[in-house]
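A quick write-up on the structure given underneath.
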Amino acid sequence: MEKLIGYILRFAMRVYTNKLNRVAERNNTTSREKKDRYDILITGTFYSDQWIISHLRPMSESNRVGRIYMVAATELPEIDKVTPIYPNARLQKIVGGTIARLITISKVAKEKRPDVIAGFHLLLNGLLVVLLGKKYDCHSVYLCGGGPLEVLGGGYLTENKIFKQLGKHDAVVERALINAVSHFGSVVVRGTDAKHFFEERGVKGDDIYIMSGGIDGASYYPGEEEKRADLIFVGRISNIKRVDILLQIVAKLKPDHLAIKALIVGDGPDREEMEQMAASLGISENIDFVGWQTEVGDWYRQARVFILTSDSEGLSQSMIQAMMTGLPAVVSDVGDLSELVENDRNGFLIQNQDIDAYASAISGLLDDPDKLATFGMAAKVVADQCEVGEVAKKWNRVFADLDNKLQG
């Protein structure tokens with residue numbers, strides 16, 4: 001079955017690449033002029049309101065943005081200057097939310113001819129967005145939240161239901177994805193490692209911007225609340241987040257920390273399996289699965305240490321939130337997490353999912369209140385650079401560069 005899927009995807013990506021290259025060659029100049037304020041059309045898939053807000057609000061607060069039109073299959077929170085556009089309910093029922101959303105952004109792009117068109121994640125949003133940008137003379141932006149994993153091996157390690165079926169590395173599909181990225185007007189990544197990855201594969205460095213999501217400092221700040229938990233994880237409970245590793249760490253810590261408590265804030269397809277695993281490890285009483293929460297800052301302030309055991313990340317929004325709240329971060333050494341986490345200063349970067357190393361780092365913090373406090377203060381200092389206003393300034397620079405490109 002994998003061979004058949006691989007053949008179909010390779011054929012489809014060859015057709016797509018030929019189409020994109022032809023459209024790009026035909027429309028290799030722009031008739032656009034620079035503007036004081038740019039209108040932006042975006043699409044993406046989001047799993048929480050906090051994630052949406054952290055990415056759209058800094059952009060909306062840029063003084064160079066007129067209006068953001070956001071095509072989404074699920075209801076959006078209210079954000080200044082953001083106009084939600086939802087696919088027709090009947091269309092969603094017939095073809096599903098993702099396809100309905102992609103059909104809708106295609107129609108809106110044709111009708112509105114926005115100045116900028118952007119997609120969160122390459123598969124499938126970015127692939128369509130770059131094609132629409134070339135077709136309708138819009139500046140296209142790839143918002144790469146997942147880092148190199150979105151491209152590596154043809155996307156087989158992502159959560160995309162189509163490309164993950166490749167099952168293994170596919171060089172042909174990977175080259176096609178890199179080619180697509182090279183056609184974007186701008187690429188926004190989360191850290192230096194991701195930027196270097198794309199530069200090494202031929203994407204122009206001047207078109208790549210390093211930018212985190214923006215976190216509201218008014219919601220994420222240290223507090224004096226009583227600590228009800230030692231560890232906190234916030235995110236989607238899915239395979240790539242490796243909550244199973246987190247549970248094994250708690251089991252490892254329990255003999256020396258009998259009352260250890262971990263909060264798991266979030267939900268996802270693996271929640272029931274993880275609850276069963278906690279029971280089998282004898283740590284059910286040490287784990288609280290509390291589901292998605294709206295006031296996440298309040299939950300961080302009830303914990304001592306943030307933990308993230310993902311196999312892959314960009315620059316985790318939940319990690320930034322936790323560090324801004326004054327929590328040291330003990331995280332897997334993947335993606336761009338090292339942009340903020342400095343070993344033995346504000347947290348620890350753990351390599352190769354080493355459970356003993358995780359447990360040792362966490363134990364060292366929990367057993368030394370002074371060290372815990374010092375690391376927490378250092379975490380906040382570095383995370384404050386990701387506050388909404390600071391990220392909005394970075395978007396101003398993106399649009400200033402767009403001015404220069406349009407003039408050139």
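Listed by first and then second residue, the pairs linking a residue in region 235-259 that is closer than 19 Å to residue 361 by Cβ to a residue that is of a type in the set (Phe, Trp, Tyr) and in a helix (DSSP H, G or I), with Cβ atoms under 6 Å apart and 6 or more places separating them unless they lie on different chains, are 249/358. Of everything in region 319-329 that is touching a Phe, Trp or Tyr at 6+ places or on another chain (Cβ under 6 Å) and touching a residue at least 60 places away in the same chain (Cβ under 8 Å), the residue that is surrounded by the most Cβ atoms within 10 Å (Cβ to Cβ) is 322. Filtered by the rule that a residue be surrounded by fewer than 21 Cβ atoms within 10 Å (Cβ to Cβ) and over 21 Å from the mean Cα position of the chain (by Cα), region 338-363 gives 343, 344, 345, 352, 354, 355, 356, 357, 360, 363.
May I ask you to verify whether residue 403 is assigned by TED's automatic domain parsing to the domain that holds residue 60 and either out of contact with any Leu (no Cβ under 6 Å at 6 or more places or on another chain) or aromatic (Phe, Trp, Tyr) (or both)?
Values: assigned by TED's automatic domain parsing to the domain that holds residue 60: yes; either out of contact with any Leu (no Cβ under 6 Å at 6 or more places or on another chain) or aromatic (Phe, Trp, Tyr) (or both): yes.
Yes: the conditions hold for residue 403.
Kindly evaluate residue 292 against the criterion of being under 21 Å from residue 219 (Cα atoms), part of a loop (DSSP other than H, G, I, E, B) and among the aromatic types (Phe, Trp, Tyr).
Values: under 21 Å from residue 219 (Cα atoms): yes; part of a loop (DSSP other than H, G, I, E, B): yes; among the aromatic types (Phe, Trp, Tyr): yes.
Yes, satisfied.
The lone criterion from (1) in contact with an Asp or Glu (Cβ under 6 Å, 6 or more places away or on another chain); (2) free of Cβ contacts under 8 Å to residues at least 60 places away in the same chain; (3) of a type in the set (D, E, K, R) left unmet by residue 34 is number (2).
All conditions in (1) buried (at least 18 other Cβ atoms within 10 Å of the Cβ); (2) among the small types (Gly, Ala, Ser); (3) modelled with pLDDT under 95; (4) farther than 23 Å from residue 315 by Cβ hold for residue 109, with the sole exception of (3).
Test of understanding: among 195, 261, which residue is basic (Lys, Arg) and either buried (at least 22 other Cβ atoms within 10 Å of the Cβ) or not assigned by TED's automatic domain parsing to the domain that holds residue 286 (or both)? I'd like the intermediate steps shown before the answer.
Working: 261 fails: either buried (at least 22 other Cβ atoms within 10 Å of the Cβ) or not assigned by TED's automatic domain parsing to the domain that holds residue 286 (or both).
Exactly one residue qualifies, and that residue is 195.
Scanning region 153-170 for residues that are surrounded by fewer than 20 Cβ atoms within 10 Å (Cβ to Cβ), in contact (Cβ under 8 Å) with a residue 24 or more places away in the chain, more than 15 Å from the chain's Cα centre (by Cα) and part of a loop (DSSP other than H, G, I, E, B) gives 162, 167, 168. When 330, 305, 290, 341 are screened for being touching an Asp or Glu at 6+ places or on another chain (Cβ under 7 Å) and at pLDDT 95 or above, only 305 passes.
Rundown of residues vs (1) in contact with a helix residue (DSSP H, G or I) (Cβ under 8 Å, 6 or more places away or on another chain); (2) under 24 Å from residue 24 (Cβ atoms), yes/no style:
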position: 118; (1), (2): yes, yes
position: 149; (1), (2): no, no
position: 172; (1), (2): yes, yes
position: 195; (1), (2): yes, yes
position: 214; (1), (2): yes, no
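Looking at this structure, is residue 391 surrounded by 17 or more Cβ atoms within 10 Å (Cβ to Cβ) and in contact (Cβ under 8 Å) with a residue 60 or more places away in the chain? When the stated conditions are applied, residue 391 passes them.
Kindly check whether there is at least one residue in region 395-403 that is in contact with a His (Cβ under 8 Å, 6 or more places away or on another chain), at pLDDT below 95, surrounded by 16 or more Cβ atoms within 10 Å (Cβ to Cβ) and more than 28 Å from residue 259 (Cβ to Cβ). Spell out the reasoning first.
Filtering region 395-403 down to residues in contact with a His (Cβ under 8 Å, 6 or more places away or on another chain) leaves 402.
Next, from what is left, pick out any that are at pLDDT below 95: 402.
In the following step, the residues that additionally are surrounded by 16 or more Cβ atoms within 10 Å (Cβ to Cβ) were identified as 402.
Imposing the further condition that a residue be more than 28 Å from residue 259 (Cβ to Cβ) reduces the set to 402.
Yes, region 395-403 contains a residue that is in contact with a His (Cβ under 8 Å, 6 or more places away or on another chain), at pLDDT below 95, surrounded by 16 or more Cβ atoms within 10 Å (Cβ to Cβ) and more than 28 Å from residue 259 (Cβ to Cβ).
Counting only strands (runs of 3 or more DSSP E) wholly contained in region 184-254, no element carries 2 or more residues that are polar (S, T, N, Q). Taking the criterion of being in contact (Cβ under 8 Å) with a residue 12 or more places away in the chain and either within 17 Å of the chain's Cα centre (by Cα) or assigned to a helix (DSSP H, G or I) (or both), the residues of region 171-183 that qualify are 171, 172, 173, 174, 176, 177, 178, 179, 180, 181, 182.
The values are calculated or read from the model by the stated rules, or taken from the named source; none is laboratory data. This one's a predicted model, so the numbers in the text were calculated from it and none came from an experiment. As a convention, Cβ positions derive from the backbone with ideal geometry for all residues, glycine included, and neighbour counts pool all protein chains shown.
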